[in-house]
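Peer 1: Okay, handing you the structure first.
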Amino acid sequence: MQKKVIIIGAGGHAKVIADIVVNSNDQLVGFLDDNLDKQDMVIFDNKKVLGTINQDIINKYNDCYFIIGIGDNEIRKKIANQYPNLKYYTAIHPNAVIGNEVEIDAGTTIMAGVVINPGARIGKHCIVNTSASLDHDNNLEDYVHISPGAHLAGTVIIKEGTWICTGVTIINNITINSWNIIAAGATIIKDINDTNCTFINTINSIKKQK
Ligand SMILES: CC(C)(COP(=O)(O)OP(=O)(O)OC[C@H]1O[C@@H](n2cnc3c(N)ncnc32)[C@H](O)[C@@H]1OP(=O)(O)O)[C@@H](O)C(=O)NCCC(=O)NCCS
């Protein structure tokens, strides 16, 4: 059955989610955004910002599904905690390849070109961005963002709220703790136990000659 969908947020990330909604043959209703300059603005597919994010407008559209289309992991968590009882939409681009026995929780977005192999588990309000890949048995906790072109080998665990930036490579059997940032292009070969840190890791020297 076709779902009616409202996107919370009206920036670039929200636009990509809107495109997924339309490509999934669901019905894009509009956007909510607290930026007063964006009210009534057309964002995508002739659909507008319908209002700020508030309980009254959510009650008005109580036949709709909602998805938080904001890239910042902490903001997604804050909004999800503020509105825990919404019907959250899960946006999966039709050109994503999702293996068997993969679990994807409500409110998560899987973008075009993503490959997710069997046994992976993805929590609530995550983002798996364009052309990223998650190999078998990965486990992403809630509010994780895997940015475009990042590649995670098998059995990688990413704890809550961590942001894996674009082009990151993570070898198999690695665990990365919560609310970290792994900078663009990093290659992760050891577990990360710290939390709330940024890791910048450029491999640019030969450590050991074969
Ligand atoms: C990790 C990141 C968020 C850090 O941003 P920041 O905290 O603002 O860091 P700064 O830009 O102040 O950089 C701090 C230092 O780290 C270096 N640095 C930052 N990112 C780096 C990277 N990815 N690789 C290597 N060095 C990096 C900077 O050159 C700077 O070095 P300096 O002090 O010698 O000048 C950012 O650099 C990054 O990698 N962004 C990727 C964004 C992305 O993937 N977006 C996709 C959205 S869908």
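The values are calculated or read from the model by the stated rules, or taken from the named source; none is laboratory data. From a predicted model like this one, the values you see are computed outputs, not experimental measurements. Here the Cβ positions follow ideal geometry from the backbone for every residue, glycine too, while neighbour counts run over all protein chains shown. Surface areas here come from the heavy atoms of the whole protein model, side chains and all, with no ligands, DNA or RNA. Shrake-Rupley method; radii C 1.70, N 1.55, O 1.52, S 1.80 Å.
Peer 1: Residue check: is K159 farther than 22 Å from A106 by Cβ, of a type in the set (K, R) and more than 11 Å from the ligand (Cβ to nearest atom)?
Peer 2: Details: farther than 22 Å from A106 by Cβ: no; of a type in the set (K, R): yes; more than 11 Å from the ligand (Cβ to nearest atom): yes.
Taking the combined requirement at face value, the residue does not satisfy it.
Peer 1: Another one. Do you know which residues across the stretch 146-158 are out of contact with any strand residue (DSSP E or B) (no Cβ under 8 Å at 6 or more places or on another chain) and open to solvent by less than 20 Å² (accessible area, probe 1.4 Å)?
Peer 2: Selection gives G154 alone.
Peer 1: Go through the stretch 127-145 and give me each residue that's assigned to a loop (DSSP other than H, G, I, E, B) and either among the hydroxyl-bearing types (S, T, Y) or open to solvent by 10 Å² or more (accessible area, probe 1.4 Å) (or both).
Peer 2: Keep residues of the stretch 127-145 that are assigned to a loop (DSSP other than H, G, I, E, B), which gives 129-132, 135-138, 141-144.
Those that are assigned to a loop (DSSP other than H, G, I, E, B) and either among the hydroxyl-bearing types (S, T, Y) or open to solvent by 10 Å² or more (accessible area, probe 1.4 Å) (or both): N129, T130, S131, D135, H136, D137, E141, D142, Y143.
Peer 1: Oh, and also: What number of residues in the stretch 162-179 are open to solvent by less than 70 Å² (accessible area, probe 1.4 Å) and more than 10 Å from the ligand (Cβ to nearest atom)?
Peer 2: 10
Per-residue answers, yes or no, for (1) within 10 Å of the chain's Cα centre (by Cα); (2) outside the structural domain of V21 (by TED's automatic domain parsing); (3) open to solvent by less than 60 Å² (accessible area, probe 1.4 Å); (4) free of Cβ contacts under 8 Å to residues at least 24 places away in the same chain:
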{"site": "G71", "(1), (2), (3), (4)": "yes, no, yes, no"}
{"site": "R76", "(1), (2), (3), (4)": "yes, no, yes, no"}
{"site": "V102", "(1), (2), (3), (4)": "no, yes, yes, yes"}
{"site": "A120", "(1), (2), (3), (4)": "no, yes, yes, yes"}
{"site": "H125", "(1), (2), (3), (4)": "yes, yes, yes, no"}
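Peer 1: Please find, among G149, G185, the residue that is closer than 21 Å to I116 by Cα, within 15 Å of the chain's Cα centre (by Cα) and without any contact (Cβ under 8 Å) to a residue 40 or more places away in the chain.
Peer 2: Sole residue among the options that is closer than 21 Å to I116 by Cα, within 15 Å of the chain's Cα centre (by Cα) and without any contact (Cβ under 8 Å) to a residue 40 or more places away in the chain: G149.
Peer 1: For the list (1) surrounded by 17 or more Cβ atoms within 10 Å (Cβ to Cβ); (2) more than 27 Å from W179 (Cα to Cα), I need the number of the one condition that N62 fails.
Peer 2: Among (1) surrounded by 17 or more Cβ atoms within 10 Å (Cβ to Cβ); (2) more than 27 Å from W179 (Cα to Cα), N62 violates only (1).
Peer 1: Among the residues of the stretch 84-91, is any closer than 20 Å to I164 by Cα, in contact (Cβ under 8 Å) with a residue 60 or more places away in the chain and surrounded by 15 or more Cβ atoms within 10 Å (Cβ to Cβ)?
Peer 2: Yes, because at least one residue in the stretch 84-91 is closer than 20 Å to I164 by Cα, in contact (Cβ under 8 Å) with a residue 60 or more places away in the chain and surrounded by 15 or more Cβ atoms within 10 Å (Cβ to Cβ).
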